[in-house]
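For reference, the structure discussed in these notes is given below.
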Amino acid sequence: MSSLLSHQSKWVLQEEGISKETIVQNETLFALSNGHFGTRGSLEEAYLIPEYSYGESTLVNGFYDSEPIQYGEWAYGYAKNHQTIIPVPNGKKLTISLNGEPFHLKIGTTTDHKRTLDLKKGLLTRQFVWTSPENQSIDVKIERFVSYDYPELLVQKIWIIPHQDGNQLEVTAETDDLTKMSHSAKEEDSHDPRKKTVKERRFDSRNIKGSTNKLMHISPHHTDLNLIIGATDTFSDQSATIKENGHQVSWTVETKKNQTISLERYMAYGFIFTDPNEVENQARHIDKLLSTVKKEGYAALREKHLTYMNDFWTQSDIEIEGDDTLQIGLRFNIFHLHQAAGRDGLTNMSAKGLTGEGYEGHYFWDTEMYMLPFFIYTQPTIAKQLLKYRHSILPKARDRAREMAVDNGVLFAWRTINGEEASPYYPAGTAQIHINGDIAHAVNTYLEATEDKEFARKEGLDILIETARFYEAYGHYDDLRDGAFVMNDVTGPDEYTAIVNNNFYTNLLAKHTFNYAIKWVNKALEENDEVTQQTLNRLHFNKQELKAWKKAADSMFLPYDEDQQLTMQDDSAFHKKVWDFNQTPKENYPLLLHYHPLTIYRHQVNKQADTVLAQFLFSTEFSQEQKDRDYAYYESITTHDSSLSRSIFGIMASDIGQIDKAYGYFMDTALMDITDLQGNTKDGVHTANMGGTWMSIVYGFAGLRVVKDTLCFFPKLPKQWETVSFTLQFRGRALKVTLKSGDVTYSLLKGDPIEIEQFGQKRLIK
Ligand code: BGC
């Protein structure tokens, strides 16, 4: 068990002492962000001791560099460019020196070193006592937070209490524009596709002159993006000698025993802009912001931040009694989910949030299928912004569909930042056309839960109509299958099986995509307001399309093996040899790092939930016996080499009544990053898995399904817990659900009475 959890508070992760072994993982766990930008939980003086850091990165959501992908052998339609999120200047760098000797962990003695991430407050605090080689000591406390009230703002305060009089104490704050970038460069050479790749500075920087605060303008080497970054400080002792050098400022004072000296530091990471003529405007905005917050002061900003965090937890907490470790783990996951989500409608959530450069900061289907449910049911305004991002990249998705010779609709990129496909490996990239259905499914879930008409008539229709059109054009009616609608040469969610015909998950989602499009178009037509008309005209929508989609949905081919009475993952599923799990040594997992893709593809072996995921999403469409059989079979061939797998197997274990098993999967997923279960937390947290743990409680143990616009619960509480409670936002209501053994209570916190169902029995909650 991680030492971070070995204490009593249910809101705090605490690191006592410091070791080279755990610090790189903890840099990720202690990362702070607000969806716009994030900064890893590295030590302020990490630049002096590179072995105590894996990457001090500060990352701005959507700020990336690009380079052509070099293919040994090219083919038409291959993704053209890499998109790589890049570390931006590091503003949290601090140096404390006593009589000219700079503090770091390898000099003098550091005692009582303690770092605390307070999840409730969103604060990272560090404390220690340092005794210099001259035997002079100071108490140090540093606190950091990333503001939600001012999304551009990172705030840091340092307090120093000298133990002796008469020493020269120097504090230096710096915005490091990474000209040395030494830490990232020491990253071991690795082919692991999940790791970070940026090893050198990938932007140009230029100082902005004439501003009140210190500002710089940066832009990546190969994209037309721009950012303004700035900093300002307040030092407590007015008599300090100040030295300035570029983006570095230092204050020197003579120490007085037990008299606290403090430095407040305000750093701003502006929003991305593309028009170079905007530099001055944006710089003015950041300059003004820095002056405003400096005037407001650290204490007031901190107070505001705590209020924001408190409101967040009121809507989004899950409380669990009977397991304190788990309680922290769950809150940790919710905290990071919330931190990761872009909120400006132009950015999304990367697979690692803003905690590391793993997966290059790309957005995947992870957002819609794993993270969005949490936002839809607890923070719907953020959910809407995430879906708006998808809407913003529709033009790129339209171009991509044409490039794939599909003459109608859109195909969303498998992995991307700017909307263009960035996956150089199409068998596990572009071929995953289920991404369209994943996004359509998320739009439907959002609309069902919020009844957001404004979104439904514009963005909603745009996405649903265009994704349905794509599937209709991609598939065809196959005479050899009695005229069924088939979709060939696709890859489903399971990336250990590629380019197959009729992936069950993809076909089922496509079927539902058609039905979602029909449903929301019909609803909009009933009201037939101006916005609906504009949308339909813009899309050149023709009512005949509804008929065509209905036909395709009703004729959708869903592979099934009658002899074994098993759902087939795809047409080829049972024709392959089963992987020899007994002969596979433990160290050969994940298989993707030890076997050629073809070796994996020609076997029955799964990386992650695929058919089982489809049965979770549409669980009321399958009989209990069918789900039992499919679960047993697919579980036996699944490695869970993807972090997206276990939570789904856990939820389905609840669905089929195997509560002990569900509990086991859940405990693995809930603590995945804190325990470094996948062995790569240092590259960033596993955001999709974090969403998976929220789903495991709500869809798994509480058994929530929305059927015909009604919240239906099938609750079962693991015997290990006393109570679990959470709040759901649904159609203007806030509903608190509390599971106790043998009992469930539902209370309405906000809104009109609502009828729900529990095990098929109707209940009015008022
Ligand atoms: C999984 C994908 C996922 C990606 C990013 C891969 O290992 O197989 O399903 O989208 O990671 O999290």
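The values are calculated or read from the model by the stated rules, or taken from the named source; none is laboratory data. Keep in mind it's a predicted model, so treat the numbers as computed, not measured. FYI the Cβ positions are ideal-geometry reconstructions off the backbone, even for glycines, and counts take in every protein chain you see. We work out accessible area using only protein heavy atoms, side chains counted, and drop any ligands, DNA or RNA first. Shrake-Rupley method; radii C 1.70, N 1.55, O 1.52, S 1.80 Å.
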Exercise for the section: Please give the calculated 222 nm ellipticity per residue for the chain, where each DSSP H segment of at least 4 residues contributes -39500 (n - 2.57) and the sum is spread over every residue; nearest 500 deg cm²/dmol? Expected result: -9500 deg cm²/dmol
Problem - Estimated FRET transfer efficiency when R0 is 41 angstrom, pair Asp204-Glu303 (beta carbons, to 0.05) - result: 0.60
Practice task
Please determine, in degrees from 0 to 90 and to the nearest 10, the orientation of helix 20-29 with respect to the longest principal axis defined by the Cα atoms of the chain, where the helix direction is its Cα long axis.
Solution key: 60 degrees
Problem - Degrees between helix 624-636 axis and first principal axis of the chain (Cα, 0 to 90, nearest 10) - result: 50 degrees
Problem - Rg in Å to one decimal, and Dmax rounded to a whole Å, for segment 319-415 via C-alpha atoms - result: 16.1, 56
Handout entry: the chain: angle of helix 298-316 to the longest principal axis, Cα-based, in degrees nearest 10
Key = 20 degrees
Completion exercise
segment 310-335 and segment 515-570 have their Cα centres apart by a whole-number Å value of 38 Å
Handout entry: Among Thr639, Thr710, Ile69 the positive-end extreme of the charge dipole of the chain (Cβ point charges)
Key = Thr710
Practice task
Just need the Rg to Rh number for segment 81-147, please, alpha carbons only, Kirkwood Rh.
Solution key: 1.12
Practice task
Provide, for q = 0.11, 0.14, 0.15 Å⁻¹, the log10 of I(q)/I(0) from a solvent-free Debye sum over equal Cα point scatterers in segment 379-639.
Solution key: -0.63, -0.99, -1.11
Exercise for the section: Taking every Cα atom in the chain, find the radius of gyration and the maximum pairwise distance Dmax, and write them in Å. Expected result: 26.8, 92
Exercise for the section: Work out, step by step, the length gained on full extension between Phe759 and Lys719: first 0.36 nm times the residue separation, then minus their alpha carbon distance; give nm to one decimal. Expected result: 12.5 nm
Practice task
Compute the label zone of Lys180 within segment 232-262: residues whose backbone N is under 16 Å from the point 7 Å along Cα-to-Cβ.
Solution key: 245-249
Completion exercise
Once Glu296 and Lys576 are pulled to full extension, the length gained, defined as 0.36 nm per residue separation minus their Cα-Cα distance, is 94.2 nm
Exercise for the section: Note down the magnitude of the dipole of segment 379-639 about its Cα centre, charges +1 on Lys and Arg C-beta and -1 on Asp and Glu C-beta and zero elsewhere, to the nearest 20 debye. Expected result: 620 debye
Problem - Net lengthening on full extension, Lys106/Lys543 (0.36 nm per residue, minus Cα-Cα) - result: 150.1 nm
Exercise for the section: Go through Lys352/Lys577; Lys10/Lys295; Lys550/Lys766; Lys627/Lys719; Lys20/Lys199 and tell me which ones have a Cα-Cα distance over 27 Å in this structure. Expected result: Lys352/Lys577; Lys10/Lys295; Lys550/Lys766
Problem - Size of charge dipole - the chain - debye, nearest 20, with Cβ of Lys, Arg +1 and Asp, Glu -1, no other charges - result: 1320 debye
Fill in the blank from the handout: One finds the C-alpha centres of segment 25-92 and segment 425-460 to be spaced, in Å, by 27 Å
Exercise for the section: Find the accessible area per residue for segment 379-639; the probe is 1.4 Å, ligands and nucleic acids are left out, and the unit is Å². Expected result: 40 Å²
Completion exercise
Once amide hydrogens are built 1.01 Å from N within the peptide plane, the residues lying 5 or more places from Asn348 or on another chain with amide H under 5 Å from its amide H are Gly342
Practice task
Name the residue farthest towards the positive end of the dipole of the chain from the options Thr84, Gln327, Ala231, assuming +1 on Cβ of Lys and Arg, -1 on Cβ of Asp and Glu, about the Cα centre.
Solution key: Ala231
Fill in the blank from the handout: Too long for a 19 Å Cα-Cα cut-off, among Lys396/Lys523; Lys120/Lys661; Lys121/Lys157; Lys92/Lys141; Lys708/Lys750, are Lys396/Lys523; Lys120/Lys661; Lys708/Lys750
Practice task
Beta carbons within 10 angstrom, averaged per residue: use that to sort the peptides 662-671, 433-442, highest first.
Solution key: 433-442, 662-671
Fill in the blank from the handout: Packing-ranked peptide list from 588-594, 267-273, highest mean Cβ count within 10 angstrom first, is 267-273, 588-594
Problem - Lys257 versus Asp399: modelled label distance in nm, points set 7 Å from Cα along the beta carbon direction - result: 7.0 nm
Exercise for the section: Could you pull the accessible area for Phe581 with a 1.4 Å probe, rounded to 10 Å²? Expected result: 60 Å²
Fill in the blank from the handout: Whole-percent carbon and sulfur contribution to the accessible surface of the chain (1.4 Å, no ligands, DNA or RNA) stands at 47 percent
Exercise for the section: Might you report the magnitude of the Cβ-based charge dipole of segment 1-96 about its Cα centre, with Lys and Arg at +1 and Asp and Glu at -1, to the nearest 20 debye? Expected result: 280 debye
Handout entry: By average C-beta atoms within 10 angstrom, highest first, the peptides 243-253, 89-99
Key = 89-99, 243-253
Handout entry: Charge-dipole axis of segment 379-639 as Lys and Arg at +1 and Asp and Glu at -1 on Cβ define it, positive-most pick from Val490, Leu447, Ala552
Key = Leu447
Problem - Convex hull of Cα atoms in segment 15-103, direction-averaged projection (nm²) - result: 8.9 nm²
Exercise for the section: Extending each Cα 7 Å along its Cβ direction at Glu51 and Glu16, get the distance between those two points in nm, one decimal. Expected result: 2.5 nm
